[in-house]
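J.: Right, I'll just put the structure down here and ask away after.
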Amino acid sequence: MIFRQLFDSQSSTYTYLIGDEQTGEAALVDPVREQIERDLRLVAELGLRLTWVLETHVHADHVTAAAMLRERTGARTVFGQRGAACADRHVSAGDVILVGTLRVTVLDTPGHTDDSVSYVIGDRVLTGDALTIRGAGRTDFQNGDPRTLYRTITQVLFALGDDTLVYPGHDYKGQTVSTIGEERRHNPRLAGKSEDEFVAIMNGLGLAPPKQIAEAVPANRACGAVPASA
Ligand SMILES: [Fe+2]
């Protein structure tokens, strides 16, 4: 498997490229509109053909490149069941997306948003904003719910083996990858915390709204097919 982690420094978003060496098929997970040329160049340089664009959820902090990638490459777009209506395919727990011979298995991981899914590929899980490294996605907008997120993380994600690699949708501190075991032991919002304690932490974060939220959410509900406002 070809696996690349790409970073957008403006929104601190990770995009992932998954490529199947046998068939040349590839998927981009959570591509950022402003990085479309970088990502398409890498796909071409590695001799791959983009067949899927997978979204972990409708993002509030950046606009997806999904619609532009679909237009330019013919790739099909994937969202969770409650995700954007523009998707070519809506997936839920247990669904498998085939990227050539690679199997990407879907987990329902709501809580950050009600449409959030995670993608399991071999020894790793792409968690979007459900579980981040030593953190968890905020739950104060887009039908977020800290109680749901606690159950998602402790019952769905922590049920994966301790050695499972965790690749999040964002990082703000320079961290790139963790493991399920590491997060179970060291995530300050979760390690040794009850559901009520987790809820109190999440409700007390006091974060400012994402800068792009007014533009990003409606744009992403259209797979990013909205002209930039600036
Ligand atoms: Fe998010």
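J.: For the range 51-137, what class follows from the C-alpha gyration tensor (a ≥ b ≥ c being the square roots of its eigenvalues): rounded when a/c is under 1.5, otherwise prolate if a/b is larger than b/c, else oblate?
T.: oblate
J.: Another question, then. Once you list every other residue whose beta carbon is under 12 Å from the beta carbon of P110, what net charge do they have if Lys and Arg are +1 and Asp and Glu are -1?
T.: Local charge sum for P110: -2.
J.: While we're looking at this one, here's another question. List the GluC sites (Glu not before Pro) in the range 178-230 that DSSP assigns to loop (not H, G, I, E or B) and whose Cβ has at most 13 other Cβ atoms within 10 Å. Which are they?
T.: Values: sites: E182, E183, E195, E197, E215; in loops: none.
Loop-located and lightly packed - none at all.
J.: Still on this structure, please answer the following. L98 to T154: FRET efficiency via 1/(1 + (r/R0)^6), r the Cβ-Cβ distance, R0 35 Å, to the nearest 0.05?
T.: 0.70
J.: If you don't mind, there's one more thing I want to ask. Most mobile of P168, P146, P218 per a Gaussian network model of the chain (Cα springs, under 10 Å)?
T.: Most flexible of the set in this elastic network: P218.
J.: Next question, about the same structure. Alpha carbon centre of the range 146-166 versus the range 3-23: separation in Å?
T.: If we compute the Cα centre of each part, the gap is 22 Å.
J.: Ok, one more. Please sort by residue number the trypsin sites (Lys or Arg not before Pro) in the range 132-198 whose DSSP state is loop and whose Cβ has at most 15 other Cβ atoms within 10 Å.
T.: Details: sites: R134, R138, R147, R151, K173, R184, R185, R189, K193; in loops: R134, R138, K173, R189, K193.
Filter output for the range 132-198: K173.
J.: ³J(HN,Hα) across the range 165-179 via Karplus (A = 6.51, B = -1.76, C = 1.60, θ = phi - 60°), whole Hz, x for Gly/Pro?
T.: For the range 165-179, the Karplus-derived couplings read 6, 10, 10, x, x, 8, 8, 10, 10, x, 7, 10, 8, 9, 10 Hz, x marking Gly and Pro.
J.: What residues of the range 45-75 lie in the reach of a label at L207, counting those whose backbone N is under 11 Å from a point 7 Å from the Cα along Cα→Cβ?
T.: Output list for this probe position: 60-61.
J.: Classify the range 1-118 as rounded, prolate or oblate from the Cα gyration tensor: take a ≥ b ≥ c as the square roots of its eigenvalues, call it rounded if a/c is under 1.5, otherwise prolate when a/b beats b/c and oblate if not.
T.: Here the range 1-118 falls in the oblate category.
J.: Which residues' amide hydrogens lie under 5 Å from the amide hydrogen of V32, considering only partners 5 or more residues apart or on another chain, with H built in the peptide plane?
T.: Excluding prolines and chain starts, which carry no amide H, the hits are A65.
J.: A follow-up question, please. G144: net charge of surrounding residues, Cβ under 10 Å, Lys/Arg +1, Asp/Glu -1, itself excluded?
T.: Neighbour charge sum, excluding G144 itself: -3.
J.: Taking θ = phi - 60°, what integer Hz values does the Karplus form 6.51 cos²θ - 1.76 cosθ + 1.60 yield along the range 78-90, in sequence order, with x for Gly and Pro?
T.: Whole-Hz 3J(HN,Hα) from phi for the range 78-90: 10, 10, x, 3, 9, x, 4, 5, 6, 5, 6, 8, 9.
J.: Please list, ordered by chain and number, the residues whose modelled amide H lies under 5 Å from the amide H of V99; skip anything fewer than 5 residues away on the same chain.
T.: Placed amide hydrogens put V104 under 5 Å from V99.
J.: Could I get the Rg over Rh figure for the chain? Both from C-alpha atoms, Rh via Kirkwood, rounded to two places.
T.: Result for the chain is an Rg/Rh of 0.94.
J.: Output ³J(HN,Hα) for the range 36-41: one whole-Hz value per residue in order, computed from phi by the Karplus curve 6.51 cos²θ - 1.76 cosθ + 1.60 with θ = phi - 60°, and x for Gly and Pro.
T.: 4, 5, 4, 5, 5, 5
J.: Then there is this: Quick one: net charge of E182's neighbours, Cβ under 12 Å, K/R +1, D/E -1?
T.: 0
J.: Residues of the chain: accessible area per residue at 1.4 Å, in Å²?
T.: 42
J.: Over the range 89-214, calculate the relative contact order: mean separation of alpha carbon pairs under 8 Å at least 6 apart, over the residue count, as a percent.
T.: Across the range 89-214, relative contact order equals 21 percent.
J.: Give me the percent of the accessible area of the chain that comes from carbon and sulfur atoms, probe 1.4 Å, all protein chains in place.
T.: Exposed carbon and sulfur together represent 49 percent of the surface.
J.: When the chain is fully extended, how far beyond the present Cα-Cα distance does R184 get from M1, taking 0.36 nm per residue of separation?
T.: Result for the pair: 63.2 nm of gain on full extension.
J.: Near the amide H of R76, under 5 Å away, which other amide H atoms are found, from residues 5 or more places off or on another chain, if H is placed in the peptide plane?
T.: The answer is W52, V53.
J.: Using the basic label-point model (7 angstrom from Cα toward the beta carbon), what is the E34 to A85 distance in nanometres?
T.: The two pseudo-label positions are separated by 3.0 nm.
The values are calculated or read from the model by the stated rules, or taken from the named source; none is laboratory data. This one's a predicted model, so the numbers in the text were calculated from it and none came from an experiment. Positions of Cβ are generated from backbone atoms using ideal geometry, with glycine treated the same way; all protein chains shown enter the neighbour counts. Keep in mind that these areas ignore ligands, DNA and RNA; they rest on the heavy atoms of the full protein, side chains included. Shrake-Rupley method; radii C 1.70, N 1.55, O 1.52, S 1.80 Å.
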